[in-house]
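Okay, so here's the structure we're looking at.
The values are calculated or read from the model by the stated rules, or taken from the named source; none is laboratory data. Note that the coordinates shown come from a computational prediction; the quantities given were computed from them, not determined experimentally. Reconstructed Cβ throughout: ideal geometry from the backbone, glycine too, with neighbour counts over all protein chains shown. Heads up: the accessible areas ignore ligands, DNA and RNA and are worked out on the full protein's heavy atoms, side chains in. Shrake-Rupley method; radii C 1.70, N 1.55, O 1.52, S 1.80 Å.
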Amino acid sequence: MIDLTGLDTRPAQTWGAMRLVPLVRREPIEDLRLHAKVYGDEASVVLLPDRTVYTAYVPHAFVASWTGDGTPAAAYGTQLGQPLRHVCVRTRRRMARRVDTNRLRFLPLHLAVEGFLALHFGGPEIAWEEWSRQAIAHGLSPRAEDAYTGAEVRGLDDALKVFEIYPGQCGLLLYAGDTLASAFVVPHPEDYRALHPTLIRDLYGELIYEYALFYPARDFPAAIDESAVTSLADLRAEAERHEREWAGFHDSVMAAGLLRAPARVEEVYRMGPYTLSRFLPSFERKSENHIGETITGADGRTAYLKTFRLSEAQSRRGHLLSELAAHGWNLAATAATLRISVPLLAARLERSGFGHLLRQDVMDAYRKQLNERTRRTRRGGAASPPA
Amino acid sequence: METYADLIECEDVLLFANAAITSTGQREFHSAAGEQRLSLAFLHSYIHGNYPDLYAATLALDINDHNAALIIANLLGRKGGHPGDARLIAWRLARMSPPRVYRLFQELRRAGVNNRRTRALVRDWLAARPDLAFDAVKYRSAVKSAVRHAHLRPEGELGDFLFAPFSRARYDTPVLEAWRRAHYDKNALYDLPYTVAEGFAARHGISRAVFLERVAPRLTRLERLRLSESAERDGVRTEADLAAMPLVRLASYVLSLAADVRTRRRGELVAALRASAARAAGERAGTWGSVAAVLDDSFSSFGSPVKRRRPLAVALACHYLLQALAGGYRGLWLSGRAEPLHARPTGPTPLGRRILDALEGRPGLLVIVSDGWDNAPPGLAGEVLRVWRRKLDPAGKVGIVHLNPVYDAGQFDVRRLSPMVPTAGIRDAEDLPALVELARFAEGRTGLAELRAYLEDRAARR
């Protein structure tokens, strides 16, 4: 599903625990650009000299004042064309902080991730009797996940600062401790140049935060087999082969987890030749799980890509929710698929922080059942479980 | 007879020379100012402790003023020392810019270094100043502090000026009299040095354009260059003589101009760079045979906000100097740009590929000017150089030298590209011929005895 054809991998640059792999486009996409109006006072205006039609996208991480009355609003997920779906930013919320009278500084991706998760996990669509009134009426929203801003990830600011941007660069894969942290692709090099510093304001999962504290990432220094070289042309060929090999290794090994087909892709919007879609991982445990958004052209080229790597705990929660959604939020059916009992499933929901979704009396009943069962087992003569 | 101890000593001294040429204790692209200073302080105390005789001799090399001041402060602060040191220190102080010498004196005062040698040095240096009254006006508090610290009694008007300036109704020395009158007379301030006059002009509320117009004849060479851009906005031409500037400073100035200005003044700038390079090359011009250069204009050549575009300026200066020195010259920029005047720090560092391009023409000498961070892909330049030396050119027909303008605080040295190629730190392009000489020692072909002889010879020639 994620297709990085047209994007060439260039040699990585390392700094501390960070490895930054640039992606270069031979032909930049000209007709999909950042919308200057939405961008507002954040960056420069993109002017096209000829009167070609172009489509603008609003990355989900950006908040601007495009409402009629000038109040700031956050994009509700990435959008194509005119930004219509938005969440108003309430300035009293902790995540937004007023800087001066008409400008806000905030953590845009907070809103985005929350909105994003709410879009996917709307809550039960069949009103089974176990679910609480709140779960039926409001779904899982607001659903918050913990994440770290780029500024908290150790060494990321320095890594972005000393990174040497390639001519024609349109994307970046960011690794912490050689674990893929985030992928970022835009259509045009100018957009990339403007957005490169914003990577520091993005959100990263706790896995990335912890891996950034580990040992530094090592360069893979080039090694040329001198026995194969008899002339300068040979030496040049060897140097080029080395570059190709790195790109191949990166695409097939290091980025393989990202490029494997995501489990669920949801087409959100289609405008002109471009399709905006969101994807969810399979939520397999002990493997890479990325959520993200893509914009693809008619020819399948990826014009825009942004991913967020879930931590292990987040993957577990995602797994639980996707199983529930797959079975129409029916507890019995889900428990049967997971091969556990219904009370155990309820306990698992509670441990994952979704206890409030179940009706209180139902929850209590399950808890009681569980307690009784453990007591019975103990009375049967088994040793008490370790504390 | 070479022993391991000799080899280590040889290496240590070269390491220190590289650091003392490149590092100024300021922020660099890859390391902060604190790291640079910490690293440098360690090197100084290491060399001073282990090779006290050689430590002073390194003053004779083309090390930068920051390190020269550090060495002098360390030498004066410790007992003993060589009898020849004082002469070398006095020689080095005479070559440093006056503000830096005054700053050194103030640091000595702060550190409580006030032995007989120090007092004698301060006294002799002050006595050798061409116009101490001028210094007293321009660097007032610094002169006062130095005079106090060395227990001197400046006779006549100067003593009064420093310690009781308004005790006299008038001064006989013109510059002191101008200073006294400038307090109430608007016309008197144009006889003062620019930095002092600027303060008085602000006090009298004189407009910038009028002030610049009238103070223009008093400007020093550097003030002229520094002010030329902002003065032009006010419609004043400072008549800066570009061709008379040192090469790297001129290159820095060129790089500070906007792209369209560089295009407009192309003829003038290139002529100035050529003239400055020809002066630096001197009688060696055109004697170096065929030379190729790989010049780093990657993003890291931006340096840091405090050393703006310094590595790039060094590369640009080397380009023009090598052009002047060589019979046949080919300069290759990493970005592939053909016009050196439009160099700007951008993009990655594909050193390996450019070195291959440069070796294609089989030049007599290949000079690589780079900060040593080779990242596209990492380590390829080192591998290319290794295979070239081992396999394609074992006799060493192509001489290869790597010049590095950036001190790497973590490694206590400038970064190397490959152990097979000598690396030398570079600060001013004018030192390039001497550095190529020094790089000989780094290659390990000549030993400690020669290095000592070289250092002593240079020290004796001073």
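Quick check: convex hull of the Cα atoms in chain B, volume per residue, rounded to a whole Å³? If you can, show how the numbers build up before the last one.
On the way: hull volume 73.2 nm³, N = 462.
Value for chain B: 158 Å³ per residue.
Tell me, which residues of segment B:370-419 get at least 50 Å² less accessible area when the other protein chains come in, versus the chain alone (1.4 Å probe)?
Hits at the 50 Å² cut-off: B:ASN375, B:PRO377, B:PRO378, B:LEU380, B:GLU383, B:VAL387, B:LYS391, B:LEU392.
Find the eigenvalues of the gyration tensor of the Cα atoms of segment B:182-240, then list the square roots of 5 times those eigenvalues as equivalent ellipsoid semi-axes, largest first, in whole angstrom. It would help to have the intermediate numbers written out before the result.
Working: eigenvalues 73, 29, 14 Å².
After scaling each eigenvalue by five and taking roots: 19, 12, 8 Å.
Determine the percent antiparallel among the DSSP beta bridges restricted to chain B, to the nearest 5.
Among the beta bridges of chain B, antiparallel pairing accounts for roughly 20 percent.
Based on the Cβ-Cβ distance from A:LEU338 to B:LYS397, what FRET efficiency comes out when R0 is 56 Å, to the nearest 0.05?
Values: r = 74 Å, r/R0 = 1.31.
Rounded to the nearest 0.05, the efficiency is 0.15.
Which net charge results when you count Lys and Arg as +1 and Asp and Glu as -1 among the other residues whose beta-carbon is under 13 Å from that of B:GLY289?
+4
Given a 1.4 Å probe and no ligands, DNA or RNA in the count, how much accessible surface is buried by A and B, both sides, to the nearest 100 Å²? Walk me through the numbers before you get to the answer.
Numbers: alone 20450 and 21220 Å², together 39190 Å².
So the total buried area for this chain pair works out to about 2500 Å².
Sticking to Cα atoms, compute the Rg of segment B:248-460 to one decimal and its Dmax as the biggest Cα-Cα distance, whole number, in Å.
16.8, 54
For B:HIS183, B:HIS44, give me the order by solvent-accessible area with a 1.4 Å probe, most accessible first, ignoring ligands, DNA and RNA.
Values: B:HIS183 50, B:HIS44 5 Å².
Largest to smallest exposure gives the sequence B:HIS183, B:HIS44.
Below 17 Å, Cα to Cα, which aspartates and glutamates can B:LYS144 reach? Residues fewer than 8 away in the same chain don't count.
Hits, sequence-local ones excluded: B:GLU107, B:ASP124, B:ASP131, B:ASP135, B:GLU155, B:GLU157, B:ASP160.
Could you pull the accessible area for A:HIS188 with a 1.4 Å probe, rounded to 10 Å²?
Roughly 20 Å² of A:HIS188 is accessible to a 1.4 Å probe.
On the Cα set of segment A:330-377, report Rg and Dmax in Å, please.
10.6, 29
Short version: ³J(HN,Hα) in whole Hz for each residue of segment A:338-348, in order, from phi by Karplus 6.51 cos²θ - 1.76 cosθ + 1.60 (θ = phi - 60°), x for Gly and Pro, what are they?
Calculated HN-Hα couplings, in order: 7, 6, 9, 7, 4, x, 5, 5, 4, 5, 5 Hz.
Hey, what does the equivalent ellipsoid look like for segment B:11-137, semi-axes from the Cα gyration tensor as sqrt of 5 times each eigenvalue, largest first, whole Å? Before the final figure, lay out the partial values.
On the way: eigenvalues 120, 65, 35 Å².
Sorted largest first and rounded, they come to 25, 18, 13 Å.
Which order do B:TYR253, A:TYR215 take by accessible area at a 1.4 Å probe, largest first?
Numbers: B:TYR253 20, A:TYR215 195 Å².
Correct descending sequence by accessible area is A:TYR215, B:TYR253.
Using protein chains only (no ligands, no nucleic acids) and a 1.4 Å probe, work out which residues of segment A:146-179 have their accessible area cut by at least 20 Å² relative to the chain alone.
A:LYS161, A:VAL162, A:GLU164, A:ILE165, A:TYR166
Using Cα atoms only, what is the angle between the long axis of helix B:266-281 and the major principal axis of chain B, expressed in degrees (0 to 90) to the nearest 10?
Roughly 80 degrees between the two axes.
Could you order B:ARG262, B:ARG309, A:ARG285 so the one with the most accessible surface comes first? Probe is 1.4 Å.
Details: B:ARG262 20, B:ARG309 55, A:ARG285 135 Å².
Sorted by accessible area, descending: A:ARG285, B:ARG309, B:ARG262.
At most 16 other Cβ atoms within 10 Å plus a DSSP loop assignment makes a site exposed; report the longest stretch of chain B without any exposed GluC sites (Glu not before Pro). It would help to have the intermediate numbers written out before the result.
Values: sites that count: B:GLU2, B:GLU155, B:GLU239, B:GLU443.
Counting only loop sites that pass the neighbour cut-off, the longest clear stretch is B:240-442.
Please report the carbon-and-sulfur percent of the accessible area for segment B:248-460; probe 1.4 Å, protein heavy atoms only, DNA, RNA and ligands left out.
Working: 3780 of 7610 Å².
With neighbouring chains kept in place, the figure for segment B:248-460 is 50 percent.
So, taking all protein chains as they sit and a 1.4 Å probe, how much accessible area belongs to A:GLU312, in Å² rounded to tens?
My reading of the accessible area for A:GLU312 is about 70 Å².
Ignoring ligands, DNA and RNA, what accessible area per residue does segment B:248-460 give at 1.4 Å, in Å²? Before the final figure, lay out the partial values.
On the way: 7610 Å² over 213 residues.
Counting only protein heavy atoms, the per-residue value for segment B:248-460 is 36 Å².
Just add up the charged neighbours of A:ALA223: K/R +1, D/E -1, any other residue whose Cβ is under 12 Å from the Cβ of A:ALA223. Display every interim value, and only then the final one.
On the way: positive: A:ARG241, B:ARG386; negative: A:ASP219, A:ASP225, A:GLU226, A:GLU238, A:GLU245, B:GLU383.
Neighbourhood net charge equals -4.
As I understand it, the value is the acute angle between the Cα axis of helix B:432-442 and the longest principal axis of the Cα atoms of chain B; what does it come to in degrees, rounded to 10?
60
Taking the solvent-accessible surface of protein heavy atoms with a 1.4 Å probe, what is the per residue accessible area of segment B:182-240 in Å²? Provide the component values of the computation, followed by the final result.
Working: 3210 Å² over 59 residues.
Ligands and nucleic acids excluded, the figure is 54 Å² per residue.
Segment A:221-246: which residues show an accessible-area loss of 30 Å² or more, assembly versus chain alone, 1.4 Å probe?
Listed in order, they are A:ALA222, A:ILE224, A:GLU226, A:VAL229, A:LEU232, A:LEU235, A:ARG236, A:ALA239, A:GLU243.
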